[in-house]
1. Once the Cβ-Cβ distance between residue D:37 and residue B:302 is put in as r, and R0 is 60 Å, what FRET efficiency do you end up with, to the nearest 0.05?
2. Per-residue ellipticity at 222 nm for chain C, helices alone: DSSP H runs ≥ 4 residues times -39500 (n - 2.57), over residue total, nearest 500 deg cm²/dmol?
3. Count the net charge of all other residues whose Cβ sits under 14 Å from the Cβ of residue C:250, scoring Lys and Arg as +1 and Asp and Glu as -1.
4. Can you give me the long-range amide H partners of residue B:173? Hydrogens built in the peptide plane at 1.01 Å from N, cutoff under 5 Å, separation of 5 or more residues or another chain.
5. Mind checking which of A:55, A:204, A:91 is farthest towards the positive end of segment A:26-322's charge dipole, using Cβ charges of +1 (Lys, Arg) and -1 (Asp, Glu) about the Cα centre?
6. Out of the trypsin sites (Lys or Arg not before Pro) in segment C:33-142, which ones are loop residues according to DSSP with at most 13 other C-beta atoms within 10 Å?
7. Carbon and sulfur: what percent of segment A:125-255's accessible surface (1.4 Å probe)?
8. Need one word for segment B:155-281: rounded, prolate or oblate. Basis is the Cα gyration tensor (sqrt eigenvalues a ≥ b ≥ c); a/c below 1.5 gives rounded, then a/b vs b/c decides.
Amino acid sequence: MKKLNIAAVALGSVLLISFPYIVPNPYLVRVAIMCGIYMILASSLNIVIGFTGMFSLGHGAFYGIGAYTSALLALNLQWPFWVTFPLGGAMAALFGVLIGVATLRLRQIFLAFTTLGFGEITRIVILNWDSLTRGPMGLPGIPIPTFFGVRFSQAGYYYFILLFTAVVVLFIYRLYRSRIGRAFIAIREDEVAASHMGIHLFGFKTLAFTLACSIAGLVGAFYAHFARFISADQFGGNESFAILTMVALGGTGSILGPLLGAAVLIIFPEVFRFLAQFRMVIYGAILIFVIVVKPGGIVGVRGVFEKPVQAIRAKHSHQKGGR
Amino acid sequence: MSKVLKGVLFLALALGMVCSVYAGGKQEKAATDEPVYIALTAPITGDYAEYGNNFKRSVEMAIDKINAGGGVLGRKLAVLVGDSKGDPKESATLAQKWTSDPRIVAQIGDFTSTCCLAAQPIYDQAGMVQLSPTASHTKFAQGSKWSFSIVGTQAGEQPFIADYAYNKLGLRKIAVIHINNDWGVDTARYFTENFKKLGGTITAIENYFDGEKDFTAILTKLRASNPEALFMAAMYNDGASISNQRAKLGWNLPVIGPSSLYSEQLLKLGGDAVNNLYTVVSFFTDDPKPEIQSYVTEFQKRYGLKPNFHASLAYDAMMLLADAMKRAGSFDRDKIREALQATKDFPGLAGSITFTEKGDAIKQYTRVMVKNNKFELFDKR
Amino acid sequence: MFVQQLINGITQGSIFALLAISFAVIYGVLRLVNFATGATYMMGAFAGWLTVQYVSRNIFLAMLAGLITGWCIGYLIEKVAIKSLRGVARIASLICTIGFSIFMMEIATVIFGAETKAMPSFFNEKAFTLGEVSVVWYQLFLVGTAVTILLLLQVLIFKTKAGLAIRTVSLDFKTAGLMGINVDRTISLAFSLGGATAGIAGVLGSVYYNIVNPTMGNLQGLKSFSAAVFGGLTSIPGAILGGYLLAIVENFGVQIVSGGYRDIIGFVILVGFLLFRPRGLLGKKTSL
Amino acid sequence: MFFQMRKVRKSFGGLVAVNDVDLDVQKGAIHAVIGPNGAGKTTLFNCITGLRRADAGEILFEGENIKDLPTHRIAARGIGRTFQNIRLFPYLSVLDNVKVGTHLLNHTTLWDTALKTPRFRRLEGEVEEFCMELLRQTRLLEKKDQYARNLPYGEQRKLEIARALASKPKLLLLDEPAAGMNPAETAELDDFIRSLKAKGITIILIEHDMKLVMSIADTISVIDYGVKIAEGTALEIQSNERVIEAYLGKRRN
């Protein structure tokens, strides 16, 4: 079994690395890059939703904050990508901490609503803050990153996002099997028991939320330099819902789930382009169908989903009394 | 089965799916009986579906007409339609799809400037004509030598409208309402600048976001600034809503606005409220010119509705492209671009088209007004 | 002028209030935010439009059509998606309602086309002016109808057996079940009621704004959700108050600040309330 | 004194669940708290671990007042507990449940995790070894990869104790550990608790199984209606009249 795994991993790596050369089609490589972007976004949101059991409906905003931060630094100050990229993540993390600190003490459903509101506020502020963000005109002409003086080709972007995805997945995998990841899951499973194990609920929730936000910010920074044109409507509520949908469809709380969800939801609309105006109807129908048939998502950890509503509710009222 | 194995299997599956997309669009066999493909990127679903569908109708109609006339250089044309949903990301992905398909020689679209700008770097890099019927963002056409827009920028249209307002209508004090997107901001800015230059006063400026349905608050506020007229930088749907709600507030005054207001929809949705509205057009369905009349009749026959300004632009885009191919004598992407750039006085439905160095069209405008719920030529009076 | 803004706000608020109630009734019994509410509003409007177009130009008939459509959609969503997902974490149900929202919006585009349709007006559109203030008859009708519906709902919730069931289930559905209340039916009823309110709101709104199109419910739904949170999410009087207040505050906001920041007002209220008074204006812990 | 409660009071609305209770626990002792259902025993535990905030009084642990500390800080001082109605992490494996228990002993940082530093490997290795040992002691080793929710009731109880022990507590609060166990299991539990005592862990025990209580408790406190009505050795308690009254209900109307 072990040998088979190594072989499988090796095969997978070879497939992925040679992808731009097996299929030298820029369109498919682009679809692959978009898959990578959303895989990371979904995986990061999964830290919040799947591991820690919190709700966030504003992930797109943090993605956007990262994108705008990096793009503005590159455009206005001509800073290189390798500097603006981490700063995009840092800015998103900063906002994540602020939102987290403000909301995470409240009942978890409020985090969802707050992040939803925050997402919309972010979008509107970007639209209105003309002097900085050029408002609705968007930011065109974001520079292409260079690597030792060589400008990224499409393959360059592909390898960057491939590496990035691999790093994020590996990080989440390690997190999952570490003290910190176990603390996240313990919080998801039972907050009261978790706090009795010495887990600082608020601290770890904030950590999970901030981690997710900073990863989203990093992807945003990458996206800005990849798309080379960003505008506020690319990071609105629809984006947040799309990411959420990927997590839920693929499977909450598993490492593979968000990857699968992102791949399906990015590739599906491409494959079914021939359906023309029926495409989105079918998209909606399939979404409903999959969730009804397999509420945990395609490969989800059932645990996240089997908690009866009643139990969740009892827990809330309990906590409230306890505070 | 272990998770890792599952992962690899899934990966293989995903790659397979991706490749099937590839295979789906890849029966390339450049035999001469194969048509020449033009790509159309337009929002077929989503918020802008109405405009995207008009694009599609017009382009299909234009292609049928070209093919009925024997095609271009002996080859038939065909269109591949891609739905961008009005989402810049989809538009960019489609750009990548079109440019990597060797059968496609040029692209028409997208509807919004935002989508066009998002796709621009890809056309630029791959070297394919990106001919947008409607993108009026000042940065669009000048952003790449491959990008062209035939709608004309607001920098070209607004001086004309400002003149209309100031000199023809004798208006001195105008309040402005505009949609807060790239187009609306540009439109309002150029109008305001030009109107002030003529000596007029802008009493107030307010904006609203896409999707807003309630304009009463903004209108009430604008009304308090006591303008003689209202300038409305909006698409015809919003234009009708704004007019309706203005009428409900009992506020009657002349309204003036850009060519995007020109649509039968405006009359249908606005009813009596849109009377006394002044705008300019470069395409006018009542224009007696035979080519316009035949287009309007044909469009109505095929789709059961009157074409509007946006539809006519898409038709022009397709016709212009065919013309450029003929002039280039080739279906080479590069040659098409060169021919397109050299376009001079192409007789489009929406006025003749000449490109500036940057790729913007210089347009001519006609003043119209709404009277008795009908568009009429202003100068005929 | 402020009086005019107040009147604008009250009219707009009537629509918000109806939609906010739709959120509140469903959130009340199931602690679930029904993101398909905006789409239900849109479908209601289309039902009204079809009635006017093909049956009879009668606003009451149109409203009935909106009500029935909304009711059926609510019922259907509950039957197809929510019922099978009970006992499962809410994220699944939430995603399902998002799925329904996409589905309805796109199917409406396919069936009716993307073009905005004109909804005729039923009353004399001539505004009558009292001093600085202008009102049209329909505004009075709209507010009157909304208030009537709101009162009827209050009566339904607080004076009937079905209402009692809804209130009990909203408190605790295990206990409600033990007390012999048919929980399934009550939840189904709440969804239908929520759908029906949204459906009627769709007709009323489309007549006021004179337009019907597939995307008309998107922003309306989101804002009304803010209104519902504003009012407490579980409280019907709260939802009503939230709806009216949000609209009035928004209108004054436009007057004082600028139209560009209009939408931010709703969301700032949303976030502000969540942070500082999560129960909303009138929300109690767990009752309708 | 190792652990003391001074006039601890907790009321819910009008109901006084814990009424000025004093409790003194010697280091290394097994102290049982008994009393009829609803007497306020679990509330007492909740006050100790910070799940409920006591309204008044002092809770002294190793000489310091822990009454107002948050739960995780109290746990960090070395107080572990189990729950009356079992609160495992149902969708974590048995082994991982115990590993969560070692949270406080393990100091890996985010960097260690991300980079898989030697320190991370060493600490995770230690945790693994330690947890396996605990599972061996509680005879749950074969089931280490199962979801906690799939264990039979008795084993869930054992797992909860193992999880509490994983934090190496100085004071362990056991809330009805024998509930739902058969006599053989209870006997096993008896031995196990004694072995904990032998390791120097102080234990406070809530239990209804009088045989178990009488067998292992060094001191027994009896609580009724939130009030401590008696305290003493097993023999003293068995002969205390107020206790008999409380249990047989003579005093009740």
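The values are calculated or read from the model by the stated rules, or taken from the named source; none is laboratory data. Note that the coordinates shown come from a computational prediction; the quantities given were computed from them, not determined experimentally. Neighbour counts are summed over all protein chains in view; Cβ atoms, including those assigned to glycine, are modelled from backbone coordinates with ideal geometry. With ligands, DNA and RNA removed, areas are computed over all heavy atoms of the protein, side chains included. Shrake-Rupley method; radii C 1.70, N 1.55, O 1.52, S 1.80 Å.
1. That gives a FRET efficiency of 0.15.
2. Computed mean residue ellipticity for chain C: -24000 deg cm²/dmol.
3. Around residue C:250, the surrounding residues sum to -1.
4. Distant-sequence amide H within range of residue B:173: B:201, B:228, B:229.
5. Checking the options against the dipole of segment A:26-322, the answer is A:204.
6. Working: sites: C:57, C:79, C:83, C:86, C:90, C:117, C:126; in loops: C:57, C:86, C:126.
Loop-located and lightly packed - C:57, C:126.
7. Result for segment A:125-255: 67 percent of the exposed heavy-atom area is carbon or sulfur.
8. Details: a/c = 1.36, a/b = 1.27, b/c = 1.07.
Taking the square roots of the gyration eigenvalues as a ≥ b ≥ c, segment B:155-281 is rounded.
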